[in-house]
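Student: Here you go, one structure.
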Amino acid sequence: MPTKTERTKTPRRSSRKTAVEPETWNLRLYVAGQTSRSIAALENLERICQEHLAGKYSIEVIDLLKDPKLARGDQILAVPTLVRKLPEPVRKIIGDLSNQERVLVGLDLRPKQLEPS
Amino acid sequence: MPKKKAARSRALAALEKCPTGITGLDEITFGGLPRGRATLVTGSAGSGKTLLAMEFIVRGIRDFGEPGVFMAFEETAEELAANVASLGFDLDELIRRKQLAIDYVRLERSEIEETGEYSLDGLFIRLDSMIQEVGAKRVVIDTIEALFANLSDEGILRAELRRLFRWLKDKGVTAIITGEQGQNTLTRHGLEEYVSDCVIFLDHRVVDQIATRRLRVVKYRGSAHGTNEYPTMIDEHGLTVLPISSLGLDYPVSNERVSTGIDGLDTMLGGGYYRASSILVSGSAGTGKSSIATAFADRVCRDGQCCLYFAFEEAPAQIVRNMASIGYDLDKWVRKGLLRFHAVRSTLYGLEQHLGSAHKQVSDFQPAVVIVDPITNLTAIGDEREIKSMLTRIIDFLKGLGVTALFTSLTSGGHTAEQSEVGISSLMDTWLLLRNVEDAGERNRLLFILKSRGMAHSNQVREFLLTDGGIGLREVYVGPGAVLAGSARVAQEARDRSQVNGERQSAARRRRELEQEQALVTAQLEALRVKTASLTEELQALGSSEEARLDTAARQREEMTRLRGATPEQAHR
């Protein structure tokens, strides 16, 4: 898990730096240990970000088993939980992010009313 | 099967209890909540679930040295701290001392999007980190049903809850889970399905504008428990459950007598009330019930013992003033700290609260005597059955402590007194009945002893007098065909006196007459005697003179004869 986290983190951060844009997406994924569900969530997230937010996002993965206290700060109950720290307002998406449509709605990347079409 | 049963009963015997420290609750659960298990506390909004849970944690820390964790879904830590500050609970201090951890879980449905599978590991991790932080033995989750309102996937939720309660058990913590009462279920989302070792139901109902709180242990797996609805109250000391203490009628009895403060009444009762007995003084308005109560209170204080006076009708100052008019200086005893008044309007709160405050006051003050004046005012806030059950509790409680209790009761209308009191009179050991008798334009007070268990007592009616110098009992006038009291008695007695006087006078007169007559007769007798004597004398005199005359005559005749014979001429001369 740690290795994966590091590997994922570094390129995203650099990508954010290079892409100097007014809108930066700061995403945080809370997981508890390296379960199949958390791996799936991270994979799903990365795929969606690549597709819709290429170059303007960063993902921080927090393992609550290592930093249990952090769960309080973002009011995490369920794992995995994806927290959109920026842009505001804060949004939370819980689950393994397998439903791409809902993730996009949750991230405000797609307006809810357009979902059916 | 039998084998299984045996194993089960062994496990039951080993069930360990975790005391809550909440007055009364530990009594009806015979020791507290099941240790190492979860207890469901459910009830409607405002029934005191959170308070019960918080008390469980705080008292656990303070009284039993067991650190606790409070996970709140509805209130923030600051709100919780402020809410219980009035109970004297300083949550911030407990948190500083690392004995308490509070976590406010905020769920905002609008912020949350659900997609795909998830678990509630975040919740577990937060709980676990708090438990480790303070070394918690007790955990409260208040109220986990908030999850159902904010997360839509019930299937996941239910599975996770099941896992949570299992996990709590494995952690070995004693937990309270609160839940909201549902329509026809104990909890809105069926939590009782998961937390089934012990379920406590809190009820908050309003009847006739009076709110009453009840607590019931719905189930307690593996333990005996009181099954009734127990009156509960919330006051400045927190939650109190009032168990009916009369689970057994095994209080000690005393043969010691305590003076009633009224000499005549002591005599009627053959020495006074029994210590730790219950006394009912009933009567219609203005018959002197409070005066009898006061006389007793005064007497108790005079003996240097404490008396607690529950006044539901008058303010203490008014009682003191009024009783000063019949010669009882209650103020003196108040200043000495022997007499304490607890005066509230009966409608101020429900019966339970009254009962609870009575418990508290008695426990605090440790009086020898408790006076409740009058119990009938309680009818404003409860029906006869409820009052009876409350009085049963009070009486049993007081008897258990060896406290003598005097209750006054206002009865309306003269002759139904005995009937209307039937409900509570059976609880009483001694029953004094005061009655107004209206006759000849005045009302007089009469006192009867209707019953007095276990002592010889007078069957006589006494007239009951309130004077400047206290209470006096007078024997009523019982004459031919009449029982009279008051001025009628006085008048009749005067009449009797004058009649007796008249009789006495006429007897004396008769006596004098007879004496006079006797004296007269004696005098007459004396006169006759004197007369007899003189007659005798006269007779004697007469006798002797006759003899002398006859003698003389004879001698004359002889002389004559002699003369004739000798010289007849001489005889003619």
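The values are calculated or read from the model by the stated rules, or taken from the named source; none is laboratory data. Model, not experiment: these values are computed from the prediction. Here the Cβ positions follow ideal geometry from the backbone for every residue, glycine too, while neighbour counts run over all protein chains shown. Just the protein is used for accessible areas: all its heavy atoms, side chains included, with ligands, DNA and RNA removed. Shrake-Rupley method; radii C 1.70, N 1.55, O 1.52, S 1.80 Å.
Student: Please work out if residue B:61 is outside any helix (DSSP H, G or I), more than 10 Å from chain A (Cβ to nearest Cβ) and of a type in the set (A, V, I, L, M, F, W, C).
Tutor: For residue B:61, the condition - outside any helix (DSSP H, G or I), more than 10 Å from chain A (Cβ to nearest Cβ) and of a type in the set (A, V, I, L, M, F, W, C) - is not met.
Student: Here is a further query. Which condition number does residue B:46 fail, the rest of (1) small (Gly, Ala, Ser); (2) more than 22 Å from residue B:149 (Cβ to Cβ); (3) part of a loop (DSSP other than H, G, I, E, B) being met?
Tutor: Every condition holds for residue B:46 apart from (2).
Student: Please work out which residue is nearest to the chain's Cα centre (by Cα), limiting yourself to segment B:272-287 and to residues that are in a loop (DSSP other than H, G, I, E, B) and within 23 Å of residue B:445 (Cβ to Cβ).
Tutor: B:272
Student: Kindly evaluate residue A:72 against the criterion of being touching a Ser or Thr at 6+ places or on another chain (Cβ under 6 Å) and within 12 Å of chain B (Cβ to nearest Cβ).
Tutor: No, not satisfied.
Student: Next up: Cβ-Cβ below 6 Å, separation at least six or inter-chain, first residue in segment B:505-529 and of a type in the set (A, V, I, L, M), second at pLDDT 95 or above: which pairs?
Tutor: Sorted first by the residue in segment B:505-529, then by its partner, the list stays empty.
Student: Can we say residue B:494 is outside the structural domain of residue B:297 (by TED's automatic domain parsing) and either in contact with an Asp or Glu (Cβ under 7 Å, 6 or more places away or on another chain) or of a type in the set (Ser, Thr, Tyr) (or both)?
Tutor: no
Student: Has segment B:220-229 got at least one residue that is closer than 30 Å to residue B:429 by Cβ and either in contact with a Gly (Cβ under 8 Å, 6 or more places away or on another chain) or open to solvent by less than 20 Å² (accessible area, probe 1.4 Å) (or both)?
Tutor: The answer is yes, given that some residue of segment B:220-229 is closer than 30 Å to residue B:429 by Cβ and either in contact with a Gly (Cβ under 8 Å, 6 or more places away or on another chain) or open to solvent by less than 20 Å² (accessible area, probe 1.4 Å) (or both).
Student: Being farther than 21 Å from residue B:264 by Cβ and among the hydrophobic types (A, V, I, L, M, F, W, C) is the filter; apply it to segment B:283-306 and report the residue that is modelled with the highest pLDDT.
Tutor: Filtering first and then ranking leaves B:306.
Student: Within segment B:380-400, restricting attention to residues that are under 29 Å from residue B:299 (Cα atoms) and surrounded by fewer than 18 Cβ atoms within 10 Å (Cβ to Cβ), which residue is modelled with the lowest pLDDT?
Tutor: Looking at residues that are under 29 Å from residue B:299 (Cα atoms) and surrounded by fewer than 18 Cβ atoms within 10 Å (Cβ to Cβ), I get B:388.
Student: Can you tell which of A:101, A:60, A:51 is over 18 Å from residue B:108 (Cα atoms) and at the interface with chain B (Cβ under 9 Å from one of its Cβ atoms)?
Tutor: Of the residues listed, the single one that is over 18 Å from residue B:108 (Cα atoms) and at the interface with chain B (Cβ under 9 Å from one of its Cβ atoms) is A:101.
Student: Sticking with this one: Scan segment B:340-348 and tell me whether some residue there is in contact (Cβ under 8 Å) with a residue 12 or more places away in the chain, buried (at least 18 other Cβ atoms within 10 Å of the Cβ) and in contact with an Asp or Glu (Cβ under 8 Å, 6 or more places away or on another chain).
Tutor: No, there is no match, as no residue in segment B:340-348 is in contact (Cβ under 8 Å) with a residue 12 or more places away in the chain, buried (at least 18 other Cβ atoms within 10 Å of the Cβ) and in contact with an Asp or Glu (Cβ under 8 Å, 6 or more places away or on another chain).
Student: State whether the residues of segment B:152-175 include one that is without any contact (Cβ under 8 Å) to a residue 24 or more places away in the chain, within 14 Å of chain A (Cβ to nearest Cβ) and touching a Ser or Thr at 6+ places or on another chain (Cβ under 7 Å).
Tutor: Scanning segment B:152-175, I find no residue that is without any contact (Cβ under 8 Å) to a residue 24 or more places away in the chain, within 14 Å of chain A (Cβ to nearest Cβ) and touching a Ser or Thr at 6+ places or on another chain (Cβ under 7 Å), so the answer is no.
Student: Hey, another quick one. Report yes if residue B:334 is of a type in the set (A, V, I, L, M, F, W, C), under 20 Å from residue B:397 (Cα atoms) and modelled with pLDDT of 80 or more, otherwise no.
Tutor: In short, no.
Student: Hey, can you tell me all the residues within segment B:108-150 that are of a type in the set (A, V, I, L, M) and more than 7 Å from chain A (Cβ to nearest Cβ)?
Tutor: Of everything in segment B:108-150, those that are of a type in the set (A, V, I, L, M) and more than 7 Å from chain A (Cβ to nearest Cβ) turn out to be B:127, B:130, B:131, B:134, B:136, B:139, B:140, B:141, B:144, B:146, B:147, B:149.
Student: So, of the residues in segment B:194-219 that are out of contact with any His (no Cβ under 9 Å at 6 or more places or on another chain) and polar (S, T, N, Q), which turns out to be most open to solvent (accessible area, probe 1.4 Å)?
Tutor: Selected residue: B:209.
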